[in-house]
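Okay, so here's the structure we're looking at.
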Amino acid sequence: MMPSRRAFLKAGGAGLAVSILGFDLKPAYAQSRELKIARTTETRSTCPYCSVSCGVIIHTLGDKAKNVTPQVVHVEGDPDHPINRGTLCPKGSSLQQDILNSRRLLKSQVRRPGSDHWEDISWDDAINEIGAWVKRTRDATFVEKDAQGHPANRCEGIAWTGGCTDTNEFNYLVVKTMRSMGLCYIENQARV
Ligand code: SF4
């Protein structure tokens with residue numbers, strides 16, 4: 001008797017193979033995973049998508065050979081991570097497609113005021129320009145006293161928003177740095 005679609009999905013392919021075909025596919029699945037990550041280097045990292053901050057293991061092939069470009073071949077949940085214990089949601093499970101994506105931007109770019117297109121810019125030039133703009137904007141928007149003449153000493157022209165892979169340590173430094181410049185508008189995602 002052919003199983004219903006619901007029964008097939010409920011049992012899973014491997015379970016159904018045992019009950020209907022008489023053999024167990026689980027060892028084959030386990031073996032294919034082992035073959036996939038054989039000879040890879042494991043790098044522990046954090047999923048970049050949301051503030052849950054699940055731990056991931058990135059498997060890279062070829063990064064120990066001198067003339068080979070390293071290639072990410074597999075990404076999975078970190079079973080030792082206290083937050084997700086090896087599990088990943090669908091977004092986290094698709095992380096490999098984010099890493100190996102031809103549309104991923106790998107260089108710095110700038111869009112000048114009034115321009116309708118992005119230009120390539122070196123990292124050195126980008127950092128210098130960011131520094132100059134921060135200084136210029138802070139000088140132009142710094143408020144020493146409020147409307148009642150009370151000391152304010154705040155910078156209202158710059159805001160900071162943090163990414164979801166920022167660690168607590170990074171966010172600590174961010175807050176110290178931004179507050180020292182007088183920034184009021186600071187937002188970060190909570191991370192471990
Ligand atoms: S795996 Fe999912 S829940 Fe976990 S951090 Fe990534 S997006 Fe968030």
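Structural remarks
- Cα-based shape type of region 84-148, given that a ≥ b ≥ c are square roots of the gyration tensor eigenvalues and the cut on a/c is 1.5: oblate
- About its Cα centre, region 120-192 has a charge dipole of approximately 360 debye under the convention of +1 per Lys or Arg Cβ and -1 per Asp or Glu Cβ, with nothing else charged.
- Of TRP118, ILE186, PRO48, farthest towards positive along the dipole that unit charges on Lys, Arg, Asp, Glu beta carbons give region 34-192: PRO48
- Taken one residue at a time, the phi angles of region 157-170 give Karplus couplings (6.51, -1.76, 1.60, θ = phi - 60°) of x, 10, 10, 10, 10, x, x, 7, 9, 6, 7, 4, 5, 4 Hz. Gly and Pro are set to x.
- Normalised contact order of region 97-142, rounded percent, pairs of Cα under 8 Å and 6 or more residues apart: 24 percent
- Environment charge of LEU105, counting only residues whose C-beta is closer than 14 Å and scoring Lys/Arg +1, Asp/Glu -1: +1
- Spatial separation of Cα centroids for region 72-149 and region 161-178, in angstrom: 13 Å
- Semi-axes of the equivalent ellipsoid for region 54-192, computed as √(5λ) from the eigenvalues of its C-alpha gyration tensor and ordered from largest down, come to 38, 23, 13 Å.
- ³J(HN,Hα) computed for each position of region 88-102 - Karplus, 6.51 cos²θ - 1.76 cosθ + 1.60, integer Hz, glycine/proline x: 9, 6, x, 5, x, 5, 9, 4, 4, 6, 6, 5, 9, 9, 5
- Mean Cβ neighbour count within 10 Å, used as a protection proxy, ranking 147-155, 108-116 highest first: 147-155, 108-116
- Cβ-derived FRET efficiency at R0 22 Å, ARG103 paired with ALA126, nearest 0.05: 0.60
- Taking a ≥ b ≥ c as the square roots of the eigenvalues of the alpha carbon gyration tensor, region 111-192 is oblate, as a/c is not under 1.5 and a/b does not beat b/c.
We did not get these values from a lab; they are worked out from the coordinates using the rules stated. Because the structure is a prediction, the values reported are computed rather than measured. So basically every Cβ, Gly included, is an ideal-geometry build from the backbone, and we count neighbours across all protein chains shown.
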